[in-house]
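Working notes, structure below.
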Amino acid sequence: MKQSVVNKILANSPEPHIDGIIVINSKGKILAFDSAAQDLFGYSEKEAVDHPLTMLMPDIQAQNHPAYLAKADKNQFHMTHKLNAERTIIGKHKQGEMIPLTITVSADRSNPEIRFTGVLQDLRKHESRLSQIFQDFESTTQALNQRIEFDALLSDCSNRLLSCHPEEFVSVMENILQSIGEFLSFDHCFILKFNNNLSQGSLWAEWRRSVSLMLPFPEYFSIPNSQVFLEAYSKTNTMVLCNRENQSPEYVTLFKLAQSMSPNGFISSRITPIQSENDAPAGCIGFSILDPSHKPSESQIALLSTATQLLINAWGRHQLILKSRKIEQDLLNANRILSQQAMHDALTGLPNRRAFDHGLLQEFDRAQRHNSSVCLMMCDIDFFKHYNDYFGHSEGDYCLQQVARILQSTFNRAGELCTRFGGEEFAIILPSINYQEATEQAQRLLKNLLDAKIPHAPSSQQSYLTISIGIAKFSPSQYYSDVKALISAADKALYFAKENGRNQLAWAKEAE
């Protein structure tokens, strides 16, 4: 029963604050004396139980103790001797040594005979503990101040990363690696990128405390035991300490990798994986130490973990920016291609009918506003149906491409626009040109096509391919109400040229 009383008290007491438990009866006889009390006073349980409590007290306390018990039995404690209140006393060791103690006494009146339980604390031990508490508090305060300072540093780093231009990102990251490395006393900080199968790595950003102690990274380097590393890497989501003590296959591989990164005086490196959007290995961040006497504290490692996460997030954000910019550029290129396709003829590469309509309307409006002129040439290949029937459509397509090249080489001045109007018909827009210049341009086209000597079908009545041209000009002296009227006039001139023998040009005024 005595031991069960002690066990019950122990179960309900915070162990770190207990250096002994003693249970006595109303006469002051010891009923229970736990092992901690035995260590505290030097008596065994057998030597203490059934003996008076006064054996554990200095003489003056021993003389007054019977009166104290009598008051306690009648619940007549003085304020300084109140039950359940902690007070300071002096105990006496078996060897006579005085022991400064605190005691908290409680009374158990559930049994016929009242019992008193005293819970003791050894002030000698707790003074030492108090000193340790003060030391811990000082260390905690220092760590907290360091954390506040480091948080301010990371906040500044975060702002710099968010505000920098993508082209400046790597240099900003290297500056931040330097700030973190110097603050936490690391010697080498680096960020690496890996290829898809982890067989090769490349340096992305780096800071070295001492250039003389560290070899520069090669631009590309192989990763030893890449398959083992790949398996280890896929399982690692947190910072890994790589040094000679970690002998598991994946850690040995990481160590070899870190050693290849820091070949001069390498001691240890803390490596954190960087993963892509689909959780595949993309790279790693490492912080290495060269000085064997330097061992980062737990608080420094905690700060490093926070900094590493910031760098990983920044790296991921940068990759998203690059990806977004690539998507944006791809969209611009695709839109440019679509725009090109929408405004150009797929067969000849010339601007198509849509481009012609837009270009002619633009030049017509400009001529009206500036009181200037614009010429329109409508061209049609002579007897092209015979050509297609004789040579076939594939050769017909090639013929159209040849004519398109001749048109482009003939009309190549700024502002001139050659278009495929439809079928074997082409249209050329010539802004700010007079009658003589337009005539000379048309005659040069007729000559260039004949000089090309493109064989014609025998049924065409001509040996080589020719073209007919109709020209209409808008000017203050020759007015057309709109582009439709101008096109109609050029078409009539073209028809006139064909009716009069083909392989020639005709002006609209001739066809009137």
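In a fully extended conformation the segment linking residue 464 and residue 142 would gain 106.3 nm over its present Cα-Cα distance, using 0.36 nm per residue.
Among 116, 194, sorting on how many other beta-carbon atoms sit within 10 Å of each Cβ, with the fewest leading, yields 116, 194. In terms of surrounding Cβ atoms within a 10 Å radius of their Cβ, 387, 43 rank from fewest to most as 43, 387. The chymotrypsin sites (Phe, Trp or Tyr not before Pro) of the stretch 415-492 meeting both criteria, a DSSP state outside H, G, I, E and B (loop) and at most 12 other C-beta atoms within 10 angstrom of the site's C-beta, are 479. Computed over the stretch 353-511, the alpha-carbon pair-distance distribution with 5 angstrom bins reads 2, 10, 19, 23, 20, 13, 7, 4, 2, 0, each value a whole percent. With each pseudo-label sitting 7 Å past Cα toward Cβ, what's the residue 395-residue 335 distance in nm, one decimal? Computed distance between label sites residue 395 and residue 335 equals 4.6 nm. Per-residue extension of 0.36 nm, minus the Cα-Cα distance of residue 97 and residue 182, leaves a gain of 25.3 nm for this segment.
For residue 319, neighbours were defined as the other residues whose beta-carbon sits under 12 Å from its Cβ, and their charges (Lys and Arg +1, Asp and Glu -1) total +4.
Which ordering of 277, 167, 416 is given by a fewest-first count of other beta-carbon atoms within 10 Å? Before the final figure, lay out each step's value.
Details: 277 10, 167 7, 416 17.
Result, fewest neighbours first: 167, 277, 416.
Readers should treat all values here as calculations from the given coordinates under stated rules, not as data from a laboratory. The shown structure was predicted, so the numbers you read here are calculated from the model rather than taken from an experiment. For neighbour counting, all protein chains shown are included, and Cβ atoms are generated from backbone atoms with ideal geometry for every residue, glycine included.
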